[in-house]
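Participant: Got a structure here, written out as structure tokens. Questions coming.
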Amino acid sequence: MSHAYEFPLDSSKIREFARAVKSENEAHFGPKPVIPPTMLTSARLIWEDPERTITKLTGFDRSRILHGEEEYVFHGPLPGAGQVLTCETRITDRFEKPGKRGGVMKFAKLVTEFRDENGTLVAEQNSTIVETARPPKAEEKQA
């Protein structure tokens, strides 16, 4: 199960993201800025088709999702302003484990490939998302 979408890299958005993550790297602010590596996470949040989100594809309940882990692998220089990356996400594994507060936690491992205009693989994002057995209680949400 996978889906693809485009991620246009606009210089103003690169600078905005770099400021948001408090980057001091000049490479993120020049006339042709390159992305901060973690900017790839925003691709899914902004550009993914709302009808084909990972939560919809996995069937996970959004109110019970946790971010398990994230890893980026770059296959050359960081992508930069003016490029349009094609992103394709696939679920590579699904499994369950008993939760510490009772119930079963569900896990999904995802790989997103980022390809440039020539189809060259420029980066991979490896993620794990977790669905907890139950939503947090009101007092847990405030903590």
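Read the figures in this text as sums done on the coordinates, not as results from a lab. Bear in mind that the values here come from a model prediction, so they are computed numbers and not experimental data. Every residue, glycine as well, gets a Cβ built from its backbone with ideal geometry; the counts of neighbours run over all protein chains shown.
Participant: Ignoring the sites themselves, what is the longest stretch of the chain with no GluC sites (Glu not before Pro) in a DSSP loop and at most 15 other beta-carbon atoms within 10 Å?
Facilitator: 25-116
Participant: Here's something else I'd like to know. Testing the spin-label approximation: label points 7 Å from Cα along Cα→Cβ at Glu69 and Asp10. State their distance in nm.
Facilitator: Between Glu69 and Asp10, the simple spin-label model gives 3.5 nm.
Participant: Continuing with the same structure: Go ahead and run the numbers for FRET between Arg101 and Asn25, Cβ-Cβ distance against an R0 of 30 Å, rounding to 0.05.
Facilitator: The formula returns an efficiency of 0.15 here.
Participant: Hey, another quick one. When the chain is treated as a GNM, springs tying every alpha-carbon pair under 10 Å, which of Val111, Val73, Val122 comes out with the largest mean-square fluctuation?
Facilitator: So, out of Val111, Val73, Val122, the one fluctuating most is Val73.
Participant: Hey, could you pull the Cα Rg and Dmax for the chain, both in Å?
Facilitator: In Å, with Rg to one decimal and Dmax whole: 17.0, 53.
Participant: Between exposed trypsin sites (Lys or Arg not before Pro) in the chain, where DSSP calls loop and at most 15 other Cβ atoms lie within 10 Å, what's the longest gap?
Facilitator: Numbers: sites that count: Lys22, Lys100, Arg101, Lys137.
So the longest stretch without any such site is 23-99.
Participant: For Asp61, what is the net charge nearby, where nearby means another residue's Cβ is under 10 Å from its Cβ and Lys, Arg count +1, Asp, Glu -1?
Facilitator: Here the count lands on +3.
Participant: By the scheme Lys and Arg +1, Asp and Glu -1, what is the net charge of all other residues having a beta-carbon under 11 Å from that of Glu96?
Facilitator: Charge balance in the 11 Å sphere: +2.
Participant: Now, a different point. Test of understanding: extend the Cα→C-beta vector of Asp116 to 7 Å, then name every residue of the stretch 60-91 with backbone N under 14 Å from that spot.
Facilitator: Within reach of a label on Asp116: 74-86.
Participant: If I model a spin label as a point 7 Å beyond the Cα along the Cα-Cβ vector, how far apart are those points for Thr128 and His3 in nm?
Facilitator: So the two model labels end up 2.4 nm from each other.
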